[in-house]
């Protein structure tokens with residue numbers, strides 16, 4: 001009888017321990033889903049080649065007005081959004097770095113989300129800190145698809161993703177999920193995110209940026 005009682009107590013202890021473990025795992029999973037998105041992946045600290053330091057593209061500071069000095073008959077200036085990037089590189093030279101820029105827009109009327117994507121390629125990138133790159137959302141993209149809720153960038157070197165960085169949220173206390181730009185329900189639209197050469201800002205602070213391919 002004492003043996004049966006002891007076995008019963010051991011079985012109860014095991015069940016309780018498993019239940020506590022499952023509860024902790026579930027809590028960690030929920031916490032992970034709600035974690036902030038502005039912590040980018042970087043390979044430089046682990047002997048890699050690039051670190052993405054800062055990404056901008058949210059808020060009024062990122063809105064750029066196109067110049068009307070070209071004699072446009074519209075008689076108006078249109079707004080662009082600049083997706084600015086700072087990054088570090090370690091090798092003496094990188095032949096080519098490809099940056100995929102993403103922007104998540106939300107229409108104020110329909111509340112529909114749209115993912116925009118554009119690619120910018122830089123060549124002959126020398127070793128250095130706080131190198132600068134950028135892309136721009138065209139005025140038509142903003143007019144059609146709404147306000148910018150999130151921005152992200154991936155750096156690709158020799159065909160492999162070497163780092164990523166993202167910013168944004170859906171609202172107060174509502175962070176975007178990790179790697180939201182990879183969600184299968186978001187099919188990216190291309191042609192609305194372009195490099196500097198296709199904007200009115202092509203020659204502004206020209207030497208601050210890496211050479212476009």
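Derivation of every value follows stated rules applied to the coordinates shown; laboratory data play no part. These figures come from a predicted structure and were not determined experimentally. Backbone-built Cβ (ideal geometry, glycine too); neighbour counts: all protein chains shown.
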Quiz item: Of the peptides 120-129, 158-167, how do they stack up when ordered by the mean number of other Cβ atoms within 10 Å, highest first?
Solution: 158-167, 120-129
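What is the stretch 39-212's relative contact order, in percent, from Cα pairs under 8 angstrom and six or more apart in sequence?
27 percent
For residue 54 and residue 158 in the same chain, what is the full-extension length gain: residue separation times 0.36 nm, less their Cα-Cα distance, in nm? Kindly include the intermediate steps, with their values, before the conclusion.
On the way: separation 104, 0.36 × 104 = 37.44 nm, distance 2.23 nm.
Length gained between residue 54 and residue 158: 35.2 nm.
For a footprinting-style exposure proxy, rank 138, 144 by other Cβ within 10 Å, fewest first. Before the final figure, lay out each step's value.
On the way: 138 21, 144 14.
Final ranking by Cβ density, sparse to dense: 144, 138.
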Self-check item: Mean separation of Cα contacts under 8 Å, 6 or more apart, over the residue count of the stretch 98-201: relative contact order %
Solution: 38 percent
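Take 181, 93 and order them by how many other Cβ atoms sit within 10 Å, fewest up front.
Numbers: 181 23, 93 10.
Taking fewest neighbouring Cβ atoms as first place, the list is 93, 181.
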Quiz item: How high is the FRET efficiency from residue 169 to residue 203, r the C-beta distance, R0 22 Å, rounded to 0.05?
Solution: 0.05
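What does the extension gain come out to for residue 123 and residue 77, with contour length at 0.36 nm per residue minus their alpha carbon separation? Mind showing how you got there, number by number?
Working: separation 46, 0.36 × 46 = 16.56 nm, distance 3.19 nm.
Full-extension gain reported as 13.4 nm.
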